[in-house]
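The values are calculated or read from the model by the stated rules, or taken from the named source; none is laboratory data. This structure is a prediction, so every number in the text was calculated from the model and none was measured. Cβ sites come from the backbone with ideal geometry, for glycine too, and all protein chains shown count toward neighbours.
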Amino acid sequence: MGKTSNFKLLKYILTFLIFGCTNLSFGQINLKVGYSIGYTNLDKTKSIFDRFNDNNLQAEKKLSPVKIFNGIDLGLRYKFQHFGIDLGLSSMSGSTDALNVFQSDGSLGKDEWKISIINYYLGLENYFGSFGYGVTIGTQKLKYRTDLASDSGKKVIYSESVLNSRFYLILEVPSNKISFSIRPFISTTWKPYNIKGVELVFDPQSNLPESDFDQDLIVYGLSFMFYNGPQRKY
């Protein structure tokens, strides 16, 4: 399935779900704000960084793969009966740097890299008292930014969005005005990213095949959410 087809499918699903919500007048809407932390194994990124480190044996600090990401989660929840529709934005990032490494002009300096995982999603939830589960569909952007000593300012080296789904459990403590929710989750993409562009920053003449840079992205994480507004009990 191509990129255009993926986004058309997502548009149709979102339109259907949002249209269906307009007929539900017996629910409640809550604002949400939260914090998420996740772990992932970017093995293709590690291979690229390892090759860079092998060419910079004099480095005082080497580039290491980013494994831990954290950031904010914002959105809305529409809850009715024992079901909920969750609309949100999640943005997590992590960073790494290397000291005393070769720059493009032959000098020695510092390389800084920031990797971001940004999700726009729509989720369906099912509740059983204070417990529940949910699943989302949306787009996930993987973005690499770098700040090289030989360049001026930060540059976006790579940015690509693919379809993504998240599966999670819910433990929620409601009250009259606010509720707190803990959500362990696992998220996965519907197809891999291809990060050959990151390799070309370090080795513009790289002749490694494109397939060597197909990066699957599975994230294991934990979210802590606060929901504001009325917390009706069913």
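In the stretch 110-151, the qualifying residues are those that are in contact (Cβ under 8 Å) with a residue 60 or more places away in the chain and aliphatic (A, V, I, L, M), and the one that is nearest to Val162 (Cα to Cα) is Leu142. For Ser179, the conditions (1) farther than 20 Å from Phe80 by Cβ; (2) in contact (Cβ under 8 Å) with a residue 60 or more places away in the chain all hold with the exception of (1). Can you go through Tyr144, Tyr168 and tell me which one is surrounded by 18 or more Cβ atoms within 10 Å (Cβ to Cβ) and touching a Pro at 6+ places or on another chain (Cβ under 7 Å)? Criteria check complete, one pass: Tyr168.
Residues to consider are Ser161, Ser181, Ser223; find the one that is polar (S, T, N, Q), within 20 Å of Gln28 (Cα to Cα) and not in a helix (DSSP H, G or I). So that I can check it myself, show each step before the final result.
On the way: Ser161 fails: within 20 Å of Gln28 (Cα to Cα); Ser223 fails: within 20 Å of Gln28 (Cα to Cα).
Testing whether each residue is polar (S, T, N, Q), within 20 Å of Gln28 (Cα to Cα) and not in a helix (DSSP H, G or I) leaves just Ser181.
Restricting the first member to the stretch 51-75 and to residues that are closer than 30 Å to Phe226 by Cβ, and the second to residues that are of a type in the set (Lys, Arg), the beta-carbon pairs closer than 8 Å and six or more apart or on different chains are Asp73/Lys32; Leu74/Lys32; Gly75/Lys32.
Of everything listed in (1) modelled with pLDDT of 85 or more; (2) in contact with a strand residue (DSSP E or B) (Cβ under 8 Å, 6 or more places away or on another chain), the single unmet condition for Arg51 is (2).
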